[in-house]
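Working notes, structure below.
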Amino acid sequence: MLFLFESTHAVIKAERICDKNGITCKIVPVPRSISSQCGMGIEVSEKQEKIVVNILLKKKIIYNIYNNYKK
């Protein structure tokens, strides 16, 4: 599952929040064909998607989810 953000700052903040909550995530480059935003996103497992969504909502971090992401 790929989470997209409006800025590099938001990507880094989301990664730190995930790390603090024991969620495995990885910062990955996002191709322009997927998004024209900051060019980076975080990848998490599908089973952790709902947890990450809830955390980002609580922290008021704006994001989009890209469901068809393949490595």
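Sum -39500 (n - 2.57) across every DSSP H segment of at least 4 residues in the chain, then divide by the residue count to get the 222 nm mean residue ellipticity, nearest 500.
-10000 deg cm²/dmol
Which aspartates and glutamates, on any chain, are close to K58 with Cα under 16 Å apart, when same-chain ones fewer than 8 places away are left out?
Output for K58: E15, D19, E49.
Please state the equivalent ellipsoid semi-axes for the chain: what are the square roots of 5 times the Cα gyration tensor eigenvalues, largest first, in whole Å?
They are 17, 13, 10 Å, listed largest first.
With each label point set 7 Å from Cα along the Cα-Cβ vector, what nm distance links I12 and S33?
It works out to 3.0 nm between the two label points.
Treating cross-link reach as a plain straight distance, find the aspartates and glutamates whose alpha-carbon is under 16 Å from the alpha-carbon of K13, omitting any fewer than eight places away in the same chain.
E43
Coordinate-derived values only; no laboratory data. Just so it is clear, the structure is predicted and the values come from calculations on it, not from any experiment. We place every Cβ from the backbone using ideal geometry, glycine too, and count neighbours over all the protein chains shown.
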